[in-house]
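Here, each number is a calculation from the coordinates, and none is a lab measurement. These numbers come from a predicted model, not from an experiment. Neighbour counts are summed over all protein chains in view; Cβ atoms, including those assigned to glycine, are modelled from backbone coordinates with ideal geometry.
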Amino acid sequence: MKDTTSLHIGREALYSLVSKLIMASVGFGGTLIFARVLGPNGLGVYQSALAVAFVFAKISDGIAAAVRKRVSEVNTDPSRFFGGGLILYGAIISIILSGLFLLVNPAIRYFGDLQIVLGAFAVVSALGLFNIVNHLYAGIGYPARSSWIDTIRSVLTLLLQLIFLSIGLEVFGLLIGLAFGTFVAALISVIAAGVQPEVPKRKTIKRIYTFARWTVPTGLLTNFYSSADIIIITTVVGSAATGQYTVAMQLVMPAALLASSIRNALGVQASGRSSVGQAVDQDLINAISYTGLFAIPILFGALAMPQAIPRTLFGSDFSSAGAALVGMALFQVGNVYAKPFEATFEGIDRPGVIFRVNMIILLIHLPLAVLLGMNYGLVGVVGATVFAEGVRIFTYQYIALRQFNRIIVPKPVGEQLLSALLMFLALKFALIEVSVRNWIILVALVGGGAVLYFAVLLMISSDFRITVNQALPFDTIRLREK
């Protein structure tokens with residue numbers, strides 16, 4: 001077990017980022033294939049099943065977050081917390097299975113097929129186990145390595161899904177491919193962690209509970225919030241619109257990769273430092289400085305080519321995803337800036353803050369999404385999500401002001417916005433002369449825009465130049481550790 005108070009956040013974030021880039025590529029490639037094979041309707045059914053499965057899997061994920069928090073604290077034996085996490089996971093899966101037996105007929109009516117219901121339950125079981133063991137591995141001081149195991153899971157999952165898809169299992173094949181790949185990755189995490197589970201003491205269960213009593217409902221709220229769009233769109237608009245939404249969400253997913261990488265390392269270190277009375281606010285400021293490094297240019301890129309991107313990559317059936325693409329890119333900007341706040345509040349043992357914020361956001365989002373969805377369809381639901389995410393960021397800033405006596409808006413954020421704006425203007429000028437007729441032109445425009453964005457950022461930002469000079473070859477972001 002490593003000393004979690006002295007993790008090199010930049011290095012851990014970089015290693016995690018590389019793994020997440022691979023995961024994103026695998027996920028994007030899978031979505032391309034699934035969209036072309038299954039079409040908007042089939043892809044929508046698959047995403048609807050995943051949305052429901054992920055909501056239930058978040059129960060175990062809340063337990064896993066509690067285990068990660070406790071084992072990341074200084075002078076903690078992880079074995080009993082591992083055993084406690086497994087016992088609680090088993091109890092949760094048993095309850096979910098019992099509920100499935102009671103509600104199997106309504107579930108079949110919603111999904112349209114018993115196989116889809118069983119596949120979704122297999123995904124819930126697999127993800128729950130994987131979350132427990134992988135969070136344990138991250139908590140004992142290896143957040144980057146745990147991310148790489150998740151990458152192995154993604155690659156293995158896609159291979160299995162393609163095999164099952166090729167033999168005609170369609171949506172059911174995608175679900176069981178995900179379940180099998182996740183179970184295998186859970187086994188790899190157990191071996192890598194090298195922690196033997198032990199029967200927990202009553203005190204151990206209590207310490208897990210004091211944190212999990214917030215993280216479990218928070219996980220449910222968070223995932224229901226993220227899955228609610230798909231559920232509402234499927235119900236109010238239809239599966240085809242869900243397919244359009246899925247494509248938009250997949251295209252902007254890279255925006256969150258760096259933020260997720262920073263969040264994992266920041267949460268573990270904040271926990272370690274807080275457990276021995278050290279300050280964490282400077283780590284939060286440094287994280288906020290660069291958590292939007294990808295999200296901001298992706299938003300401006302989506303604004304420049306909203307229809308061309310989904311049409312070129314996914315086909316003409318997905319041309320109407322342009323408005324959703326811009327909306328989800330804006331959502332990701334809010335999402336990435338929320339992650340460091342949440343990691344910090346978890347680290348300083350205040351998970352109740354995150355729960356309360358998520359409850360407020362959900363109460364705002366759900367009625368607004370239903371109302372706007374009924375009146376404006378897919379665009380209305382996306383608009384409700386963007387509004388709710390804006391409220392979240394303002395709320396976290398207010399809480400940070402109360403906790404740390406400062407509003408956290410570092411100078412690098414403004415420099416990134418300016419660089420992205422110049423990139424947007426250059427892309428709009430280029431589009432006057434060039435039409436996006438194929439993926440080669442699209443890749444050239446996107447690549448050229450990315451080069452311009454980082455070139456401008458290097459020119460106008462002395463902070464970013466110092467970051468690059470000091471960080472390479474190991475850190476591409478500087479998270480000053482004081």
Rounded Å value of the spacing that divides the Cα centres of the range 398-442 and the range 65-91: 40 Å
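Computed FRET efficiency, Cβ-Cβ of PHE101 and LEU363, R0 25 Å: what is it to the nearest 0.05?
Values: r = 32 Å, r/R0 = 1.26.
Efficiency for this residue pair is about 0.20.
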Using unit Cβ charges (K, R positive; D, E negative) and no other charged atoms, how large, in debye to the nearest 20, is the dipole of the chain about its Cα centre? 920 debye
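Filter the trypsin sites (Lys or Arg not before Pro) in the range 419-471 down to the DSSP loop ones having no more than 10 other Cβ atoms within 10 Å, then list what survives. Write down the numbers at each step before the final one.
On the way: sites: LYS428, ARG437, ARG465; in loops: ARG437.
Filter output for the range 419-471: ARG437.
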What FRET efficiency, computed as 1/(1 + (r/R0)^6) with R0 = 41 Å and r the Cβ-Cβ distance, is obtained for VAL391 and PHE28, rounded to the nearest 0.05? 0.90
Taking the dipole about the Cα centre of the chain, with the C-beta of Lys and Arg at +1 and of Asp and Glu at -1, give me whichever of TYR398, SER275, VAL357 is farthest to the positive side. SER275
Just to confirm the filter: which trypsin sites (Lys or Arg not before Pro) across the range 158-242 are DSSP coil and have at most 11 other Cβ within 10 angstrom of their Cβ? none
Over the chain: helical MRE at 222 nm, DSSP H runs n ≥ 4 each giving -39500 (n - 2.57), nearest 500: -29000 deg cm²/dmol
If you wrap a convex hull around the alpha carbons of the range 222-360, what volume per residue comes out, as a whole number of Å³? 99 Å³
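Contact order normalised by length for the range 4-471, with contacts defined as Cα pairs under 8 Å and 6 or more residues apart; what percent is it? Walk me through the numbers on the way to the answer.
Working: 739 pairs, mean separation 92.8, N = 468.
The normalised contact order for the range 4-471 reaches 20 percent.
Among LYS201/LYS339; LYS20/LYS206; LYS58/LYS203; LYS20/LYS58; LYS206/LYS411, which pairs are too far apart, with a Cα-Cα distance over 31 Å? If you can, show how the numbers build up before the last one.
On the way: LYS201/LYS339 33 Å; LYS20/LYS206 34 Å; LYS58/LYS203 24 Å; LYS20/LYS58 20 Å; LYS206/LYS411 42 Å.
From LYS201/LYS339; LYS20/LYS206; LYS58/LYS203; LYS20/LYS58; LYS206/LYS411, over 31 Å: LYS201/LYS339; LYS20/LYS206; LYS206/LYS411.
Full extension from ARG109 to VAL451: what is 0.36 nm times the residue separation minus their Cα-Cα distance, to one decimal in nm?
Working: separation 342, 0.36 × 342 = 123.12 nm, distance 4.96 nm.
Using 0.36 nm per residue and subtracting the Cα-Cα distance, I get 118.2 nm.
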Specify which labelled value, from (1) 1.09; (2) 0.95; (3) 1.04, agrees with Cα Rg over 2.2 N^0.38 Å derived from the coordinates of the model shown. (2)
Would you mind estimating how fast the range 93-197 diffuses translationally, via Stokes-Einstein at 10 °C and 1.306 mPa s with the Kirkwood radius over Cα pairs, in µm²/s? 108 µm²/s
